[in-house]
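The next block holds one structure in the form of structure tokens; read it before the comments.
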Amino acid sequence: MLACLATFAVLNITAPDEDFIAEDGADIMRKALAFEELQVDAEVKKKHAPGTTLKNIMDFKAFCMGAYVTTREVMKKYPKKGPASAVLDFVAQIGQSGHWEGNGDAKLPANIVGEYVKIMSAMKKMNYKGVNAYIFDRMDDAILRGAGAIKFERSLNSYASSPWGDAVTVGPLVKLDKKAMGLTEDPAFDEELAQSIADFDVNRAHVESKCSGADVLASAMFYQNKGKGHYSSFLNREINKVYNKMMREFHIVANYSLHAQVQEFEQVYRTTRKAVFAQIFKPTNAGYIAAMKKREALAWAPPTLAVLKARAKAHAKKWLKHYRAKLPKHGSGHTAALVKKMVDAQTGAKIFMKTGVLSNAQSTMRPKIIIKGSARTIKGKIRAVPGAGLSSAQHFASRKGLGKLISVELKGTGHDHTWFCQKVSVRVGPKEIVFLSAGKDTADGFWLNGTQTVTLKPSKKLKRAAVKLPATACIGFKSTSGCNATGLREPDDDKSCKATVEGAFSGYCSCGSGIVSRVDCGHAPFTCEELCEAV
């Protein structure tokens, strides 16, 4: 009955005496659910594998990124203080960083675990009683110590509706899990927030590329095991050590100075009680001299930030090595997989890809890849190409080094699939990134059509071009076909920064900040130099 009551609230169905229940019935509700929660906790702890917390947060983050725009629209339907509004607000806040709206690269936070804890803490403070508190307690427990907050419907017959009423998404789908919220029925907005697993996988790959650092892994373990307090990064720990030592040194110097001032004051006061100025000046001067003398004797100065970062990096590396030693050789937990990935990165190859923003640039294809080195070759498959305008990375493990990179081959896997790749680069082991080109006419990207094979080779020209430019720097006008700003590229009609672009040309300006001013035919004349400076 109580679970149904929570469901009514999330579904925006007003139950009798709802305000009384929300304010005065919270304790009764928790007591009534105490035995049930003990059973649930026992099952959760029994099933919980090492590293599940990080996997759950990554899954939830990817889902929220994909649902962000829809969530903002659906929120208009619900009262601001209701349970449905609170859950939707939570999803929107988690998905805000990293979501894609077609206007640039999506930016993810450095530590998604820290972001989750910060936002969840704020939501719990705002929703500290009644049904809202019940829902967030359950969600937090499901993500930190349970099976997560989302579910996968693998059936091809699954479907979800759009809040705008103009489209239907047909399965397989990813949805919020009602059990994670402690509900017995799906909330009304669940269908509208649902998304295809293909779209979810693109965001999931983008999120996972940000989660290979020791701080992300360590913070996930911290919250999985403790669940309270605040995680301190490896760098913050080093800063705190220096700060504590500075405070100890400060107190030593301060006490030494104070002792000298007291002695000098007693001496002056015994000599003449009326010399008020001397009673102030002489002890102060004696304290200063004593402080400087003691400070020089201590012979310690705080290290630079660069030194602290190096120390933090060394401690993080040591922590990873220690943690990996405790894992089973064939660990099945997500944590074990991540640690293995970090270790393998020293000898394998990591591919960085970016999809362009031309019409139909994105794709659901999973190209095969062959990475050829002077010592050996790695074969594999891209798990998911990034969405339009997005970047992603994928690591391909190898127990031994590849040697010098010779080429990378991409082979399409579907006759009716196309993908426009704007750029590809690869990092072999821990070395610098190598920029790849499909030929002299493909500097701005290339198409991979059907079962076509494209061979990419290292390009010194692209490496020089990859040097970071100021945002206002101008590269030039890039022409497209068919009077369409997102049409196929026509390099023969490209123009220099100072050249006037007449209305007969479609395309865009390439600046240090990226693509600026996409135009179809029929626009007023302009120069890219002027537009880049106006960024």
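The values are calculated or read from the model by the stated rules, or taken from the named source; none is laboratory data. From a predicted model like this one, the values you see are computed outputs, not experimental measurements. Note that each Cβ is placed from the backbone with ideal geometry, even for glycine, and that neighbours are counted across all protein chains shown.
V268 passes all but one of (1) under 30 Å from N240 (Cβ atoms); (2) aliphatic (A, V, I, L, M); (3) in the same structural domain as N255 (by TED's automatic domain parsing); which number fails?
(1)
Quick grid of which residues meet (1) at pLDDT below 80; (2) in a loop (DSSP other than H, G, I, E, B); (3) surrounded by 13 or more Cβ atoms within 10 Å (Cβ to Cβ); (4) outside the structural domain of S363 (by TED's automatic domain parsing):
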position	(1), (2), (3), (4)
V426	no, no, yes, no
T442	yes, yes, yes, no
K457	no, no, yes, no
T486	yes, yes, yes, yes
D492	no, no, no, yes
A499	no, yes, yes, yes
A504	no, yes, no, yes
R518	no, no, yes, yes
C521	no, yes, yes, yes
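Enumerate the pairs (first residue in segment 130-157 and at positive phi; second residue anywhere and of a type in the set (A, V, I, L, M, F, W, C)) with beta-carbon separation below 6 Å, excluding pairs fewer than 6 apart on the same chain, so at least 6 apart or on different chains.
The qualifying pairs are G130/A22; G130/A26.
Need pairs with beta-carbon distance below 9 Å; first residue under 10 Å from E529 (Cβ atoms) and within segment 472-489, second of a type in the set (V, I, T) and surrounded by fewer than 17 Cβ atoms within 10 Å (Cβ to Cβ); sequence gap 6+ or separate chains.
T472/V535
If we keep just the residues of segment 93-120 that are at pLDDT below 80 and among the charged types (D, E, K, R), which is nearest to the chain's Cα centre (by Cα)?
Once the filter is applied, the top-ranked residue is K107.
With respect to the numbered conditions (1) under 19 Å from D59 (Cβ atoms); (2) at pLDDT 80 or above; (3) surrounded by fewer than 18 Cβ atoms within 10 Å (Cβ to Cβ), which one is the sole condition not fulfilled by A198?
Going through the list (1) under 19 Å from D59 (Cβ atoms); (2) at pLDDT 80 or above; (3) surrounded by fewer than 18 Cβ atoms within 10 Å (Cβ to Cβ), A198 breaks only (2).
Taking segment 353-394 only, how many residues are farther than 16 Å from S407 by Cα, in a strand (DSSP E or B) and not basic (K, R)?
5
So, H206, is that one modelled with pLDDT of 70 or more, over 17 Å from Y288 (Cα atoms) and either in a helix (DSSP H, G or I) or assigned by TED's automatic domain parsing to the domain that holds K381 (or both) or not? Show your work before the answer.
Values: modelled with pLDDT of 70 or more: yes; over 17 Å from Y288 (Cα atoms): yes; either in a helix (DSSP H, G or I) or assigned by TED's automatic domain parsing to the domain that holds K381 (or both): yes.
Yes, satisfied.
Taking into account only those residues within segment 277-326 that are of a type in the set (K, R) and assigned by TED's automatic domain parsing to the domain that holds K245, which is nearest to F234 (Cα to Cα)?
R295
Scanning segment 44-92 for residues that are in a loop (DSSP other than H, G, I, E, B) and small (G, A, S), which turns out modelled with the highest pLDDT?
Within segment 44-92, the subset in a loop (DSSP other than H, G, I, E, B) is 48-51, 78-82.
This time we only want the ones that are small (G, A, S), so: 49, 51, 82.
Working: A49: 55, G51: 57, G82: 80.
Checking each candidate, the answer is G82.
Which residue out of E409, E432 is at pLDDT below 85, over 24 Å from T486 (Cβ atoms) and of a type in the set (D, E)?
Testing whether each residue is at pLDDT below 85, over 24 Å from T486 (Cβ atoms) and of a type in the set (D, E) leaves just E432.
So for segment 147-155 (the condition being among the small types (G, A, S) and farther than 23 Å from E191 by Cα), does at least one residue qualify?
First, the residues of segment 147-155 that are among the small types (G, A, S): 147-149, 155.
Still in the list and also farther than 23 Å from E191 by Cα: none.
No: zero hits.
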